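Undergrad: Can you keep this structure in mind? I'll have questions shortly.
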Amino acid sequence: MIVPPVPALAPNRVPTGIHGLDPLIQGGFPRGGVKLVAGPAGSGKSLLGLQFAYQGARLFDEPSAFLALEEERESVERVPALFGMELKRMEDEGKFVLVDLGAIRAASSRDGLPVGLRELQDFLRSCIASTNVRRVVVDSISAVGLRYRSLPELREEMFAFTRFLRESKVTSLLITESPEGGRLTRFGIEQFLADSFLHLALDEVKGELRRTLTVRKMRFTRHDTGKHPVHITSDGLVVAEERVI
C-alpha cells in the first residue's frame, strides 16, 4: 500500500493517512473528540474508517480499534486484503484491534434488540484500558441506534456516549448511514453531537454513480467546504483535489 504524503500539520492534529483528505482539513482531524462519517450503502464509509484506523497504527504509532457491529470478523478481514493492508501483522504487533461484536450483541440484547450504547461504552472502556488504543472506529452507530424505541431516548444515550469518548482522550470515528430521501444521517441527530462531520454521497452523473466527499463540519479547523470526487483504487479510498461543479 502506498504511503500517502503527510502535509504540514496545524497544532494538535491527527493525520488520517487517507490520500487527498488531510490537505482539506489542515493536515488531519483535531486530536480527540468525536468524528462522524455518513453515507449511503456503497459510498466508501466503512473503507474510510478502516483506513483511518489502519494508517494510524501503521504510520503514526497510534494503536487503533475497529469495532464491526454489523459484519462478522471474517467478512471485515477480506476488505483490507484487497488494498494491501497487513492487518494480521498490525494485530500481532499489538497496534490494531479488530472486534466483531456480533456475539456480544447477541448475548447482551434485550427483547431481541441490538446491544445498546451503555453496553458498547462498557466494552470500550475495558478495551481502551487494556490495549491503550488512541483511535477508535465504530461501524456503525446505526446498528446501535436500533436498540432505542424513541428519538429522545436515543439522543440522551448518544449524548452520554459521545461525552464518554471525549473523556477517554481517544480520537473516535463513528460511522452512520445516510438514508434515501435527502436526510444526511440515519436518525437526524448524529451530526449535532459530533465535533466533525464528513458526508459521502453517490451522485448520478450521465447515468453513472460517482462517489463524492464533503467536509460539512469540523471544529477548530479552517476546512475546505467543497464537494470532492472520491475514487476507490488499489490503494484504498482517495479524495481528489478538484471540486465537483
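The values are calculated or read from the model by the stated rules, or taken from the named source; none is laboratory data. These figures come from a predicted structure and were not determined experimentally. Here Cβ is always computed from backbone atoms with ideal geometry, including for glycine, and neighbour counts include all displayed protein chains. Note: areas computed on protein heavy atoms with side chains; ligands, DNA, RNA excluded. Shrake-Rupley method; radii C 1.70, N 1.55, O 1.52, S 1.80 Å.
Undergrad: Which of (1) part of a helix (DSSP H, G or I); (2) touching an Asp or Glu at 6+ places or on another chain (Cβ under 6 Å); (3) within 20 Å of Phe29 (Cα to Cα) is the odd one out, the single condition Phe161 does not satisfy?
TA: Phe161 satisfies all of (1) part of a helix (DSSP H, G or I); (2) touching an Asp or Glu at 6+ places or on another chain (Cβ under 6 Å); (3) within 20 Å of Phe29 (Cα to Cα) except (2).
Undergrad: Quick one: what pairs do we get from the stretch 121-132, first residue closer than 19 Å to Ala160 by Cβ, second open to solvent by 90 Å² or more (accessible area, probe 1.4 Å), C-beta under 9 Å, 6+ apart or different chains?
TA: Pairs that qualify, where the first residue is closer than 19 Å to Ala160 by Cβ and the partner is open to solvent by 90 Å² or more (accessible area, probe 1.4 Å), are Ile128/Lys169.
Undergrad: Ok, one more. Here are some residues: Arg211, Arg216. Which one is open to solvent by 50 Å² or more (accessible area, probe 1.4 Å), touching a helix residue (DSSP H, G or I) at 6+ places or on another chain (Cβ under 9 Å) and modelled with pLDDT of 95 or more?
TA: On the way: Arg211 fails: touching a helix residue (DSSP H, G or I) at 6+ places or on another chain (Cβ under 9 Å).
From the options Arg211, Arg216, the qualifying one is Arg216.
Undergrad: Looking at the stretch 166-186 only, could you name the residues that are of a type outside the set (D, E, K, R) and either open to solvent by 40 Å² or more (accessible area, probe 1.4 Å) or part of a loop (DSSP other than H, G, I, E, B) (or both)? Even if it seems obvious, please write down each step before you answer.
TA: Of the residues in the stretch 166-186, the ones of a type outside the set (D, E, K, R) are 168, 170-176, 178-179, 181-182, 184-185.
Across the stretch 166-186, the qualifying residues are Ser168, Val170, Ser178, Pro179, Gly181, Gly182, Leu184, Thr185.
Undergrad: State all residues of the stretch 7-22 that are polar (S, T, N, Q) and modelled with pLDDT under 95; if no residue qualifies, say none.
TA: Initially, the stretch 7-22 is screened for residues polar (S, T, N, Q), giving 12, 16.
Across the stretch 7-22, the qualifying residue is only Asn12.
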